[in-house]
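A quick write-up on the structure given underneath.
Bear in mind that the values in this text are calculations on the coordinates, not laboratory data. Note that this is a predicted model, so its numbers are computed, not measured. Every residue, glycine among them, receives a Cβ derived from its backbone with ideal geometry; neighbour counts consider all protein chains shown.
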Amino acid sequence: ETGVTQTPRHLVMGMTNKKSLKCEQHLGHNAMYWYKQSAKKPLELMFVYNFKEQTENNSVPSRFSPECPNSSHLFLHLHTLQPEDSALYLCASSPASGSPYEQYFGPGTRLTVT
Amino acid sequence: AQSVTQLDSQVPVFEEAPVELRCNYSSSVSVYLFWYVQYPNQGLQLLLKYLSGSTLVKGINGFEAEFNKSQTSFHLRKPSVHISDTAEYFCAVIRNAGNNRKLIWGLGTSLAVNP
């Protein structure tokens, strides 16, 4: 595997379910990001991790819970979601955060909350 | 506060025609500038970036962009588009001084290339 991978690619879940999104980067980067992409809205940065430490949480509701066990893996744990949480969730990585380094994106997980 | 404005939400164009996708930004400090492309059902991929030096930046797939500091613009151009260029294009900026160095994204421009 190369680049940034995300699983699953598609997820349908009920409002009472618990599920997790997984992201893995094979680039040796130290920063990882979760974004939410909704139609007609700018990309919303949710969380940033640098060297496994969370450095940014952009007022994300607690029903989204990130986990970064090491610099290569990032999870987003989901529970009691709302229909408005349906979106494309993108994971990205970069050599470090807050720099001119480009971010490398995974293909995303298309989440539908019913 | 920083912001990025992509002036066109949709740009239809015929194959082999030239195209320009417009991006303006506001910032009180100097910035780095990026253009990303998102093909259907895929993540975002960097097309090109401006960090310093020559204001004309060349990227992948024949795209180029010009940084204009006085007009705070970073418009993306391609002299002749292909059907395969149909995608969503995002402009983004990041401050290169001070605190709060996060990427600020535009809303995107949907480029539709028709035969």
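Amide H of residue B:47: which non-local residues (sequence gap of 5 or more, or other chain) have their own amide H closer than 5 Å, using H built in the peptide plane?
For residue B:47, whose amide H was placed from the backbone, the distant partners under 5 Å are B:35, B:36, B:37.
What ranking of A:93, B:80 emerges when the number of other C-beta atoms within 10 Å of each C-beta is taken as an exposure proxy, fewest first?
Lowest to highest Cβ neighbour count: B:80, A:93.
Below 8 Å between Cα atoms, with a sequence gap of 6+, how large is the relative contact order for chain A in percent?
Numbers: 290 pairs, mean separation 41.7, N = 114.
Result for chain A is 37 percent.
For segment A:50-63, what does the Karplus curve 6.51 cos²θ - 1.76 cosθ + 1.60, with θ = phi - 60°, yield as ³J(HN,Hα) per residue in whole Hz, taken in order and with x for Gly and Pro?
Along segment A:50-63, the couplings run 10, 6, 6, 9, 6, 10, 8, 9, 8, 6, 7, x, 5, 5 Hz.
Could you give me the ³J(HN,Hα) list for segment B:81-91, computed from phi with Karplus coefficients 6.51, -1.76, 1.60 and θ = phi - 60°, whole Hz, x at Gly and Pro?
Once θ is set to phi - 60°, the couplings for segment B:81-91 become 8, 10, 3, 5, 7, 4, 5, 9, 10, 10, 9 Hz.
If neighbour count is taken as other Cβ atoms inside 10 Å, put A:15, A:32 in order from fewest to most. Intermediate values should be presented prior to the final figure.
Details: A:15 13, A:32 28.
Taking fewest neighbouring Cβ atoms as first place, the list is A:15, A:32.
List A:75, A:47, A:105 from most exposed to least, where exposure is judged by having the fewest other Cβ atoms within 10 Å. Before the final figure, lay out the partial values.
Details: A:75 17, A:47 21, A:105 25.
Ranked by crowding around the Cβ, least crowded first: A:75, A:47, A:105.
Could you sort out which of A:52/B:49; A:36/B:69; A:41/B:69; A:22/A:52; A:40/B:58; A:18/A:40 sit more than 24 Å apart by Cα distance in this structure?
The pairs that break the limit, which is 24 Å between Cα atoms, are A:52/B:49; A:36/B:69; A:41/B:69; A:40/B:58; A:18/A:40.
Just the Cα atoms of the protein assembly as shown, one point each, no solvent: what log10 I(q)/I(0) does Debye give at q = 0.08, 0.14 Å⁻¹?
Values, matching the q order: -0.30, -0.90.
Residues of segment B:1-42 with amide nitrogen under 16 Å from the 7 Å Cα-to-Cβ point of residue B:72?
Backbone N within reach: B:1-7, B:23-34.
Which whole-percent values make up P(r) of segment B:15-115 when all C-alpha to C-alpha distances are grouped in 5 Å steps starting at zero?
3, 13, 25, 25, 18, 10, 5, 2, 1, 0
Once amide H atoms are built 1.01 Å from N in the peptide plane, which residues 5 or more positions from residue B:86, or in another chain, come under 5 Å H to H?
Amide H to amide H, under 5 Å and 5 or more residues apart or across chains, residue B:86 pairs with B:113.
Using Cα-Cα distances under 8 Å and only pairs 6 or more residues apart, what relative contact order does segment A:58-105 have, in percent?
Result for segment A:58-105 is 23 percent.
Only Cα pairs within less than 10 Å get springs; with that Gaussian network setup on chain B, which residue of B:47, B:56, B:76 has the largest fluctuation?
Its mean-square fluctuation being the largest, the pick is B:56.
Spit out the partnerless Cys residues in the protein assembly as shown, using Cβ distances under 4.7 Å as the pairing rule.
A:68 - these cysteines have no disulfide-compatible partner (Cβ-Cβ under 4.7 Å) in the protein assembly as shown.
Distance from the Cα centre of segment B:2-19 to that of segment B:37-115, in angstrom?
Segment B:2-19 and segment B:37-115 have Cα centres spaced 10 Å from each other.
For a quick check: with amide H placed at 1.01 Å from N, whose amide H comes under 5 Å from residue B:3's, ignoring anything fewer than 5 positions away on the same chain?
Residues meeting the amide H criterion: B:26.
Per-residue HN-Hα couplings for segment A:12-19, Karplus 6.51 cos²θ - 1.76 cosθ + 1.60 at θ = phi - 60°, whole Hz, x for Gly and Pro?
Coupling constants for segment A:12-19: 10, 9, x, 5, 9, 6, 10, 9 Hz.
If segment A:1-87 were replaced by its equivalent ellipsoid, with semi-axes equal to the square roots of 5 times the Cα gyration tensor eigenvalues, what would those be, largest first, whole Å? Walk me through the intermediate numbers first.
Working: eigenvalues 92, 42, 35 Å².
For segment A:1-87, the ellipsoid semi-axes come out as 21, 15, 13 Å.
In the neighborhood of residue B:64, defined by Cβ-to-Cβ distances under 11 Å, what is the net charge if each Lys or Arg adds +1 and each Asp or Glu adds -1? Each step should come with its number before you reach the end.
Values: positive: B:58, B:77, B:78; negative: B:20, B:66.
So the surrounding residues net to +1.
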